[in-house]
Amino acid sequence: MRPRAQSIEQVKQAIAELKGKSLSVAVNRGRKKIVRMHGMITDTFPAVFMFRAAAGDTVSFSYSDVICGDIKIIRNS
């Protein structure tokens with residue numbers, strides 16, 4: 001069964017609630033290349049959000065990448 005589609009406003013709200021919390025992110029780079037990073041969301045903007053990895057790198061992702069499934073956000077317990 002196909003997952004139910006979310007609106008971009010729902011995704012923005014969910015990501016804003018995760019700001020500052022410890023997360024893991026799995027990024028699908030294509031051709032079976034998946035990059036996993038641990039860190040936290042530092043900033044949210046109208047079109048993108050910033051993720052700071054534990055290694056010190058800062059990466060920006062768009063909300064549409066989350067909707068498409070290219071980025072999966074996993075909350076660490």
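The values are calculated or read from the model by the stated rules, or taken from the named source; none is laboratory data. Here the structure is a predicted model, which means the values were calculated and not measured. All Cβ positions, glycine included, derive from the backbone under ideal geometry; neighbour counts span all protein chains shown. Just so you know, the surface numbers come from the protein's heavy atoms only, side chains and all, with ligands and any DNA or RNA stripped out. Shrake-Rupley method; radii C 1.70, N 1.55, O 1.52, S 1.80 Å.
The table below gives the values:
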item: Any hit, the range 5-23, residues being loosely packed, with under 11 Cβ neighbours inside 10 Å and in contact (Cβ under 8 Å) with a residue 60 or more places away in the chain; result: yes
item: Residue check, ILE71 more than 8 Å from the chain's Cα centre (by Cα) and under 16 Å from ALA16 (Cα atoms); result: no
item: Selection from the range 32-77 of residues that are assigned to a loop (DSSP other than H, G, I, E, B), open to solvent by 80 Å² or more (accessible area, probe 1.4 Å) and either in contact with a strand residue (DSSP E or B) (Cβ under 8 Å, 6 or more places away or on another chain) or on the phi < 0 side of the Ramachandran plot (or both); result: PHE45, PRO46, ALA54, ALA55, ASP57, SER77
item: Subset of the range 1-26 that is among the hydrophobic types (A, V, I, L, M, F, W, C) and not in a strand (DSSP E or B) - its residue that is modelled with the lowest pLDDT; result: MET1
item: Tabulated pairs, the range 28-53, first without any contact (Cβ under 8 Å) to a residue 12 or more places away in the chain, second in a strand (DSSP E or B) and acidic (Asp, Glu), C-beta under 7 angstrom, 6+ apart or interchain; result: MET50/ASP43
